[in-house]
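*Asks:* Below is one structure. I have some questions about it.
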Amino acid sequence: MVTNLFVKDRVAIVGAGITTFMRRALETPRELAWEAARMALDQAGLTLKDVDCVVIGSAPDTFDGVHLKGEYLADGSGAIRKPMTRVYVGGGTGVFVPVSAWWHVASGLCKTVLAVGEEKMSPAHPHPQYVFRYIWDPIIHRPLEPNLIWIFAMEMRRYMAKCGAKKEDIALVSVKNKRNALDNPAAQVAANITVDDVLKSEVLVWPVQELDVSPVTDGAAALVITSENVARQVTDSPVWIEGVGFTLDNQHWENRELAFPRYLNYAARMAYRMAGIERPWKEIDVAEPYDPFDYKELHHIEGLMLARPCEAWKLLKEGYFNRDGELPTSPSGGLLGVGNPIAAAGVMKVAELFWQLRYEAGKRQVKRPVHRAVANAWGDLMQAGTVIVLGN
Amino acid sequence: MPRRVGIIGVGWYGFRPSTPEVHFQGMMFESSHRAYADANVDPRKDVDVFVDCQEDLWEGIAITDEFAPEPIGGALRPTFTVSGDGLLGVAHAYMLIRSGLADVVAVEAHGKPSEIRTLQDVYYMAFDPLHVRPLPTGNPFFLAGLDAQAYMQRTGASREHLALVSAKNRTNGLKNERAPYSARLTVDDVLSAPYAVYPLTRYDIADFSDASVTVVLASEEAAKRFTDKVVWLDGIGFSTETGSGAVEWHAWGRMLSMRDAALMAYKLAGLAGSPSESFDLAEVEDRFSFMELLSLEELMLAKEGEAHRLLEQGHFNLGGPLPVNPSGGSLAMGVQLEATGLARLLEAVLQLRGEAGPHQVKGARKAVVATWRGVPTYTSAVAVLSAG
């Protein structure tokens, strides 16, 4: 990647909004998108008239059951007579939406961008997992009728075997995140649970159990992203986008070392280089690693270089990643606690960091002072890594 | 001064009604390695970002982005998908280069409609599930029929004018190796064909073809490292008028998104003087014959309500003052789903390099490309190009 950045204008986040995350929302996808978009605009003190461009993120069209979903969501996302595109990297889309909003602004083409993530998973019949029957290579894999949880089970197994982590070590992530979510008004599955509860929950595909997994969710989240000039006019505490990174590995997940997410590591290095971060484990104060499964948070903490490979689970046990710990992760409650409307979940993570960096997170505010934060999302066939570094 | 962006390589594969010899990834690979050879770049070293343009339901795969990186050389590199027309991918490439994040960007788009067994049903899936999909409309192109009617009413263009567009483009296509639906067609042939959607007959509507197109873009400094065959992307614009679920807000008989996109692209290109005198050729939207006339007006290449008069006078013929769709347009080349915009960009690039072959517009220095995403969307993109 190029590093000779001559960015004239810094890019800031000035507003964020999320809908309540829930199953079987009565709102249409367009209404969900607008609810989040309006909240973000309200926080920024701006209206649709101030928005120059719109970026939409939404994962498979089959969840909402609408083809050309970006076009469908356009008016709900405020894209009425405005430049609009929909970007898509599977589950990584959520964090990728603000990433691409960055170059909308940094290129000088747009001054104010509305970045919206939306997903309505619950209408899929009989279960959203069925949508994942159609994500496979149509010739090699689809005839085997695989299920998405199977391949994640393989990855979890591999991580456990390579790193010596036990089920009860990994279950602590679920316990921590669901507890953090108790303070999040948007959360769908916040709870005070114990490691035992996780270990006794229904086995889906060994070693993945029900409480190891994030739920099926409907929801939307949005951010208002502006140039430095606009940001200075509308707020005293803009949150800067300091680094962006993204990497996509090939589709052959079966040929990969699953214990370490190399695609994420590459994306993180790209973002850190741009942000001038050399020692992320020291320089990052709060993180929102993508946690659709509990082992994934550990996996991603290692990919983001916030812990050494295979050591995240040991630090977790010491309370290092708690909200009052050294390096709080998923203070929002993460996907395990707040819910997982695919693209909206990634935007929610960035929104949480925005609130943390402005000290606006209320009961969720982490104990230590915060200056720099990182979020990531992950998607496709365990191949997409998207990373954003924020600073205040 | 913002960085200047140029197109340093193009590659294509297909432009046939069916391509049974290749898998969609095979097609992507073919067009991409040709583009990299044309640009003289090594994709594993020289290309900073890869952009792929595709939509899940066209592909029949729920997360098609998974299959993007490998055939275009983007594995373990910064690669992403724009769910939209290839020209929207080019807009992202333009922004990536202008922002300084990338020096060289590859954009790929493909369409393989021959493998879609229920194309009409897939179109219906794009309609609002509550308000539009349940209507007993029979053919998803009814929306284009309504727009055609409104356009004709407003401007006084007749069915003969629409037929003349189809006859012109399909005849132009005879000189283009990428135009499987070209034919020596007369206005009478078009008018006497059965209606598909009133007032459009089957020859007023473009057929589908399979193709993959890859374009390599670079900043001015980077371009010099690889090639001296540069076509400048002076400006790009894109816009959405309204959502596909909010057809009631569409201005019928207009394509305001194309007007907005054109204004954005012209502004970026610093177009001095009137657009109608600024270009040597135009490759514009024509998947429905009336769209060519409407596009010319929205692009301000003809005054409102006058495009059909100029057409009558042969203004837009190959050899006329402003050749429009010398390639034959979508009517002759077919609609390649999300690759349609890149197909038209490809034609314009070849024209400006003087490599278009039998349908070369002599001395072409400046071109405009405009595309619309088709029914039921109200999104368009416009690019302004100039010869290097």
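*Asks:* Kindly flag which residue pairs out of A:K69/A:K367; A:K69/A:K166; B:K175/B:K229; A:K317/A:K349 have an alpha-carbon separation exceeding 30 Å in this structure.
*Replies:* Flagged as over cut-off: A:K69/A:K367; A:K69/A:K166.
*Asks:* Then there is this: Using a 1.4 Å probe, what is the accessible area per residue for the protein assembly as shown, in Å²?
*Replies:* For the protein assembly as shown, the per-residue accessible area is 32 Å².
*Asks:* Share of Cα-Cα pairs in segment A:335-392 beyond 19 Å, in percent?
*Replies:* 34 percent
*Asks:* Any idea which of B:L57, B:V104, B:S31 is furthest toward the positive side of the dipole for segment B:1-151, if Lys and Arg beta-carbons carry +1 and Asp and Glu beta-carbons -1?
*Replies:* So the residue we want is B:V104.
*Asks:* Under a point-charge model restricted to the Cβ atoms of Lys and Arg (+1) and Asp and Glu (-1), what is the dipole moment magnitude of segment A:245-286 relative to its Cα centre, in debye to the nearest 20?
*Replies:* Here the size comes out at about 120 debye.
*Asks:* Classify the protein assembly as shown as rounded, prolate or oblate, taking a ≥ b ≥ c as the square roots of the eigenvalues of its Cα gyration tensor: rounded when a/c is under 1.5, otherwise prolate if a/b is larger than b/c and oblate if not.
*Replies:* The shape class here is prolate.
*Asks:* Averaged over all directions, how much area does the convex hull of the C-alpha atoms of chain A cover when projected, in nm²?
*Replies:* 17.3 nm²
*Asks:* Where the only charges are on Cβ atoms (+1 Lys, Arg; -1 Asp, Glu), what is the dipole of chain B about its Cα centre, to the nearest 20 debye?
*Replies:* In debye, rounded to 20, chain B gives about 800.
*Asks:* What is the magnitude of the charge dipole of segment B:183-326 about its Cα centre, with +1 placed on the Cβ of each Lys and Arg, -1 on the Cβ of each Asp and Glu, and no other charges, expressed in debye to the nearest 20?
*Replies:* Approximately 200 debye in magnitude.
*Asks:* Only protein chains counted, 1.4 angstrom probe. Which residues of segment B:57-73 are at least 30 Å² less accessible in the assembly than when their chain is isolated?
*Replies:* B:L57, B:I61, B:A62, B:I63, B:D65, B:E66, B:F67, B:P69, B:E70
*Asks:* Rounded to a whole number, what % of the accessible area of the protein assembly as shown do carbon and sulfur atoms account for, probe 1.4 Å?
*Replies:* 51 percent
*Asks:* Could you tell me which trypsin sites (Lys or Arg not before Pro) in segment B:275-346 are loop residues by DSSP with no more than 14 other beta carbons within 10 angstrom of their beta carbon?
*Replies:* B:K303
*Asks:* Kirkwood Rh over alpha-carbon pairs of segment B:226-367, then Stokes-Einstein at 4 °C and 1.567 mPa s: what D in µm² s⁻¹, rounded to an integer?
*Replies:* Stokes-Einstein gives a translational diffusion coefficient of 82 µm²/s.
*Asks:* Would you work out which of A:V97, A:T85, A:G164 lies farthest towards the positive end of the dipole of segment A:62-170? Charges go on Cβ: Lys and Arg +1, Asp and Glu -1.
*Replies:* Of A:V97, A:T85, A:G164, it is A:G164.
*Asks:* Still on this structure, please answer the following. Starting from segment B:169-212, pick out the chymotrypsin sites (Phe, Trp or Tyr not before Pro) whose DSSP state is loop and whose Cβ has at most 13 other Cβ atoms within 10 Å.
*Replies:* Here no loop site has a sparse enough neighbourhood.
*Asks:* Here is a follow-up. Could you name the lysines whose alpha carbon sits less than 22 Å from that of B:K224, not counting residues in the same chain fewer than 8 places away?
*Replies:* B:K45, B:K366
*Asks:* State the extension gain, in nm to one decimal, for the chain segment bounded by B:S274 and B:D42, taking 0.36 nm per residue of separation less the distance between their alpha-carbons.
*Replies:* Extending this stretch completely gives an extra 79.5 nm.
*Asks:* Let me ask another. I'd like to know which of A:P207, A:I193, A:N180 lies farthest towards the positive end of the charge dipole of segment A:153-212, counting +1 on Cβ of Lys and Arg and -1 on Cβ of Asp and Glu.
*Replies:* So the residue we want is A:P207.
*Asks:* Answer rounded, prolate or oblate for segment A:320-363, using the Cα gyration tensor with square roots of eigenvalues a ≥ b ≥ c: rounded when a/c is under 1.5, else prolate when a/b is larger than b/c, else oblate.
*Replies:* Judged from the Cα gyration tensor, segment A:320-363 comes out oblate (a/c at least 1.5, b/c at or above a/b).
*Asks:* Distance between the C-alpha centers of segment B:1-51 and segment A:249-284? Whole Å please.
*Replies:* After rounding, the separation between the Cα centres reads 27 Å.
*Asks:* Quick one: net charge of B:G89's neighbours, Cβ under 11 Å, K/R +1, D/E -1?
*Replies:* Counting the neighbours of B:G89, the net charge comes to -4.
*Asks:* Still on this structure, I have one more. At a cut-off of 20 Å², which residues of segment A:101-116 become less accessible once all protein chains are present than in their chain alone, using a 1.4 Å probe?
*Replies:* In segment A:101-116, residues shielded by partner chains: A:W102, A:W103, A:H104, A:S107, A:L109.
*Asks:* Give the A-B buried accessible area in Å², both sides summed, 1.4 Å probe, nearest 100.
*Replies:* Between A and B, the summed buried area is about 5600 Å².
*Asks:* I've got another one for you. Scan segment B:219-296 for chymotrypsin sites (Phe, Trp or Tyr not before Pro) in coil per DSSP, keeping those whose Cβ has at most 15 other Cβ atoms within 10 Å, and list them by number.
*Replies:* Taking segment B:219-296 and a limit of 15 other Cβ atoms within 10 Å, the loop chymotrypsin sites (Phe, Trp or Tyr not before Pro) found are B:W252.
*Asks:* Also, I was wondering about something else. For chain B, set up a Gaussian network in which alpha carbons nearer than 10 Å are linked by springs, and say which option among B:R259, B:R44, B:R202 fluctuates the most.
*Replies:* Among B:R259, B:R44, B:R202, the largest mean-square fluctuation in the Gaussian network model of chain B belongs to B:R44.
*Asks:* Among DSSP beta bridges whose residues both lie in the protein assembly as shown, state the antiparallel percentage, nearest 5.
*Replies:* Approximately 75 percent, going by the DSSP bridge assignments.
*Asks:* Determine the distance separating the Cα centre of segment A:12-49 from the Cα centre of segment B:205-221; give it in Å without decimals.
*Replies:* 35 Å
*Asks:* Also, quick follow-up: Under the definition of Cα pairs under 8 Å and six or more residues apart, what whole-number percent is the relative contact order of segment B:255-388?
*Replies:* 32 percent
*Asks:* Turning to a different aspect of this structure: Quick check: the distance between the Cα centres of segment A:127-201 and segment B:122-143, to the nearest angstrom?
*Replies:* Each part's Cα centre sits 38 Å from the other's.
*Asks:* While we're here: Ratio to report: Rg/Rh of chain B, with Cα atoms as the point set and Rh obtained by the Kirkwood method; give two decimals.
*Replies:* Rounded to two decimals, Rg over Rh is 0.94.
*Asks:* Something else: Considering only Cα-Cα distances, which of the following residue pairs are longer than 18 Å: A:K167/A:K314; A:K82/A:K111; A:K162/A:K296?
*Replies:* Pairs exceeding 18 Å: none.
*Asks:* Under 20 Å from the Cα of B:K362, which aspartates and glutamates turn up, not counting those fewer than eight places away in the same chain?
*Replies:* Straight-distance partners of B:K362: B:E177, B:E277, B:D280, B:E283, B:E347.
*Asks:* Separate question: Given the protein chains as shown and a 1.4 Å probe, how many square angstrom of A:K162 are accessible, to the nearest 10?
*Replies:* 110 Å²
*Asks:* Once you order the gyration tensor axes a ≥ b ≥ c over the Cα atoms, which shape class does segment B:288-388 get: rounded for a/c under 1.5, otherwise prolate or oblate by comparing a/b with b/c?
*Replies:* Verdict is oblate for segment B:288-388.
*Asks:* Report the FRET efficiency, 1/(1 + (r/R0)^6), for A:V203 and A:I140, where r is their Cβ-Cβ distance and R0 is 35 Å, rounded to 0.05.
*Replies:* The computed FRET efficiency comes out at 0.80.
*Asks:* While we're on this one: At 20 °C and a viscosity of 1.002 mPa s, what translational diffusion coefficient does Stokes-Einstein give for segment A:249-392, taking Rh as the Kirkwood radius over Cα pairs? Give it in µm²/s as a whole number.
*Replies:* It comes out at roughly 143 µm²/s.
*Asks:* Where is the GNM fluctuation largest for chain B (alpha-carbon springs, 10 angstrom cutoff): B:D188, B:D286, B:D207?
*Replies:* Sorting by GNM fluctuation, first place goes to B:D188.
*Asks:* Under the rule that an exposed site lies in a DSSP loop and has at most 15 other Cβ atoms within 10 Å, name the longest stretch of chain B with no GluC sites (Glu not before Pro) of that kind, not counting the sites themselves.
*Replies:* B:22-176
*Asks:* Take the Cα of A:E326, step 7 Å along the line toward its Cβ, and report every residue of segment A:337-380 whose backbone nitrogen sits under 20 Å from that point.
*Replies:* A:366-375
*Asks:* Picking from B:V335, B:V187, B:V216, which is most flexible by a Gaussian network model of chain B using Cα springs under 10 Å?
*Replies:* So, out of B:V335, B:V187, B:V216, the one fluctuating most is B:V187.
*Asks:* Scan chain A and report its longest stretch carrying no GluC sites (Glu not before Pro) that are both in a DSSP loop and have at most 10 other Cβ atoms within 10 Å.
*Replies:* The reported range is A:1-201.
*Asks:* Take the Cα atoms of segment A:117-181, build their convex hull, and give its volume per residue in Å³.
*Replies:* Normalising the Cα hull of segment A:117-181 by residue number yields 157 Å³.
*Asks:* Under the definition of Cα pairs under 8 Å and six or more residues apart, what whole-number percent is the relative contact order of chain B?
*Replies:* 24 percent
The values are calculated or read from the model by the stated rules, or taken from the named source; none is laboratory data. Computed from a predicted structure; not experimentally measured. Please note: Cβ atoms are built from the backbone with ideal geometry, for glycine as well, and neighbour counts cover all protein chains shown. Please note that ligands, DNA and RNA were not included when accessible areas were found on the heavy atoms of the full protein model with its side chains. Shrake-Rupley method; radii C 1.70, N 1.55, O 1.52, S 1.80 Å.
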